[in-house]
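Every number here is computed from the coordinates shown, using simple stated rules; none is lab data. These figures come from a predicted structure and were not determined experimentally. Every residue, glycine as well, gets a Cβ built from its backbone with ideal geometry; the counts of neighbours run over all protein chains shown.
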Amino acid sequence: MNDLFTPHPENKEKDAAQRIKEEAERIELERGKKPKVPENIFSRPIDVTQSEEARRSRFRTVVIEALLFGAFLTAITAIYSFTGIDLKLNPESENKSPSIVFFITEFVVFSGLVGVGDYFLTEKRVNEYNQKMAGVSFNLDDEIKKALEEQEADGISKEDAAALNNSNGEEKPVPKEIPLTIKDVSESKSLTDKAFEAYDNETLAGKIKTCKGVILDSVGFETVILNVSEFSVPEEYAKNAVGIKLFDEVKKAAMAEGLGAIVVSSEANQKYGLCLSDSSKYGIKSAVPTCICEVYPGALMGVNGQLQ
C-alpha cells in the first residue's frame, strides 16, 4: 500500500490530512505552480487602466463617431457626383457617376480607418493620463477592499493576509477602538470660537478650541478661517485617533458656518497624525510653522497672503 495513507499510531486522521496536503503542494511545485500566499496589500500595484465598463462606453462612442464621419465623407462624394459639380468645374469631362458599391466601400473604409485610429490613440492617451494621476485620484479604501476580495477569492483569509503584512513590518497593529463621546462645549455662538471635548465614559480623552483666523492678502482683503488655538490629547489616548476625531468635529463646524479652511500648528499636525499640508503650499505665509486644511475642495483657490 502507498505509504502516503499509512496510518499514524498517534493520530490517524490528522496525519493523513497533513500528508495529503503536503503531497498536493509538492505536486503543484513540480508543475511549476507556487502555492498561493497572502499578498501584501500595501505593496500591491494600483491598476490605473480603464475599467471594462469605461472601455465599453468609450468603444460605443468611437463606433458612432466613425460611422458619422464615414457617412459625412460618403455624402460629400455623392453630392459632388450627382449634382454635376464636376461637370461645371470641367465641362469637357465625361459624366460618370460612381456605382452604389463604390459608395458602400467608401463608407466602410473611412469609417473603419477613423474608428480604429481614434480607438487606439484615445486608449493610449487615457491610460497615460490615468498613470500620471495615479496616487492622487484613487481611493485607498477601495484599493484595500479590492485586494482583500481578490485574496479571499484565492482562498486566503483576511487573518493570514494581515499576519503577513505584520511580519513584513508594513502594517502596524490597529489600536483598539474606544467608544468616545464628543461634546460641543462652545461658550458662545460665535462663528469662529468653537470648543469640543472627547470623553471615554467619564474620562476626558482630549479637547480642541478654535478662534478667528485671518488670511490678509496684498491688497488688504481678509479671508476668515478657523484657527486652532488649543489642542490636547492625553498620551494614553493619542494612539487611538482621538485627535483626528476632534479635528473632524471642527471641520463639521467650519462647514456649517461657511468657513473654508482650518489652520493648525505643524507640531499638532504631526503629533496627532492629521496629515495636513504645509500652509506655504497654498501660498499662505505665517510667523510660525503651520498647516492648513481645506474644508471643501477648492476652498483656498485664489486665496493667498499672510496668516494673522
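Using only the C-alpha atoms of the range 181-307, find the volume of their convex hull and express it per residue in Å³.
Per-residue hull volume (Cα only) is 99 Å³.
For the range 261-277, take each phi angle, set θ = phi - 60°, evaluate the Karplus expression 6.51 cos²θ - 1.76 cosθ + 1.60, and give the result in whole Hz per residue in order, putting x for glycine and proline.
8, 10, 10, 9, 5, 4, 5, 5, 4, 6, 5, 9, x, 7, 6, 8, 8
Give me the distance in nm between label points sitting 7 Å out from Cα along the Cα-to-Cβ direction at Leu191 and Thr122, one decimal.
4.6
Starting from the Cα of Ile100, step 7 Å along the direction of its Cβ; do the same at Asn201; then give the gap between the two resulting points in nm.
So the two model labels end up 9.0 nm from each other.
Quick one: length gained pulling Met255 to Ser280 fully straight, 0.36 nm per residue minus the C-alpha distance?
So the extension gain works out to 6.7 nm.
Could you size up the charge dipole of the range 181-307 around its Cα centre, putting +1 on the beta carbon of Lys and Arg and -1 on that of Asp and Glu, and report it in debye to the nearest 20?
So the dipole magnitude of the range 181-307 works out to roughly 220 debye.
Give Lys194/Lys285; Lys146/Lys183; Lys189/Lys271 a once-over and call out the pairs whose C-alpha atoms are over 31 Å from each other.
Violating the 31 Å Cα-Cα cut-off are Lys146/Lys183.
Which of Ile64, Ile292 has the fewest other C-beta atoms within 10 Å, and how do the rest follow up to the most?
Ile64, Ile292
Residue farthest toward the positive end of the dipole of the range 228-281, with Cβ of Lys/Arg at +1 and Asp/Glu at -1: which of Gly260, Asn240, Tyr272?
Selected residue: Gly260.
For Ser186, enumerate residues with amide H under 5 Å from its amide H, sequence gap 5+ or separate chain, H modeled in the peptide plane.
Correct list: Ala195.
Quick query: amide H of Thr290 versus all other amide H atoms, modeled in the peptide plane; which residues come in under 5 Å with a sequence gap of 5 or more or a different chain?
Ser266, Ser279
What is the distance, in nm, between label points placed 7 Å from the Cα along the Cα-to-Cβ direction at Glu149 and at Val224?
4.5
Work out the FRET efficiency for Glu236 and Lys183 from their Cβ-Cβ distance, taking R0 = 22 Å, and round it to the nearest 0.05.
Calculated transfer efficiency: 0.70.
Fewest to most neighbouring Cβ within 10 Å: what's the order for Cys211, Cys293?
Lowest to highest Cβ neighbour count: Cys211, Cys293.
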